[in-house]
C-alpha cells in the first residue's frame, strides 16, 4: 500500500457519459498529480494541484477537469467520454511544495473503459 | 523542453544474470532523474532518484543507476536479477519550469525474466 488511494479501481461507462475519479494523497503530501496511461500514448501528465490550487497543466483535454479539496483529496472529472478516453488514470502525490523533485508516490490507478 | 528516451521496448534476461536498462534524456541543465517500476495492475513505485552529488545512485530492491552527463544517460543496473523483477521500468526526467515542476516519463522498458 503506497498510501495514495484511488477509487474506483475499475469503471465501465458508455460514450457521452461523465465520470469522476477520486484520489486521496499520502498523508502529509500537499501536491497531487494526475496522469493518463494508455498503450499508444504512454504516461501523459494531465494536471497538478498544490494545497487546493492548480499548479501546472499538461495535456489535459477541455472535457476533463479536476480540483483539490480542503482535505487535500482530489477529483478528476471526465465528461463527454469517447472511446479513446479508455485508459488507466493514475494519481500521484508528492511531499515537495514546488513539485515532484523528491519523486512521486503513485496510487494503483483507475482503469476506465468506455464502451 | 525536456525529453526522455528508453531505446529498448522490452528486454529478456535469465534469472541471476545482470541487467542494464538504458535511458537517455534531453535537458539544458542538470535535471532531476528518476527510475520507477510498475508491476502488472499496480501503480508506479519510485526505485531511485538523482539530482546532484555522487553520480552513482543506490535505490531500493538492489537497483542502482549511474548519471553520465557527457552521454546524457541515466542507466539502471542490477547485478543479479530475480524473477520478481519482471515488470515495466520507466525512466523520468523532471525540471522546474514556469508554472511548476514537470516530470516527463519515458515509454518504458518491459523486463522479462526467464528461468
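Points to keep in mind about this one:
- Tabulated pairs, the stretch A:93-104, first facing chain B (nearest Cβ under 8 Å), second assigned to a loop (DSSP other than H, G, I, E, B) and at pLDDT 80 or above, C-beta under 7 angstrom, 6+ apart or interchain: A:101/B:51; A:102/A:95
- Listed by position, the strands (runs of 3 or more DSSP E) enclosed by the stretch A:1-113 that each have at least 1 residues that are under 30 Å from residue B:60 (Cα atoms) are A:5-7, A:10-13, A:19-24, A:31-38, A:42-50, A:53-57, A:74-78, A:87-94.
- For the stretch B:46-57, the set of residues classified as under 19 Å from residue A:105 (Cα atoms) and surrounded by fewer than 19 Cβ atoms within 10 Å (Cβ to Cβ) consists of B:51 only.
- Of B:76, B:96, all but one fail to be away from chain A (no Cβ under 14 Å) and either assigned to a strand (DSSP E or B) or within 11 Å of the chain's Cα centre (by Cα) (or both); the exception is B:76.
- The criterion of at least 3 residues that are at pLDDT 95 or above and under 25 Å from residue B:115 (Cα atoms) is met by the following strands (runs of 3 or more DSSP E) wholly inside the stretch B:1-43: B:10-14, B:19-21, B:32-38.
- Some residue of the stretch B:58-67 being surrounded by fewer than 12 Cβ atoms within 10 Å (Cβ to Cβ), at pLDDT 95 or above, assigned to a strand (DSSP E or B) and under 15 Å from the mean Cα position of the chain (by Cα): yes
The values are calculated or read from the model by the stated rules, or taken from the named source; none is laboratory data. Since we're looking at a predicted model, the values are computed, not measured. Cβ sites come from the backbone with ideal geometry, for glycine too, and all protein chains shown count toward neighbours.
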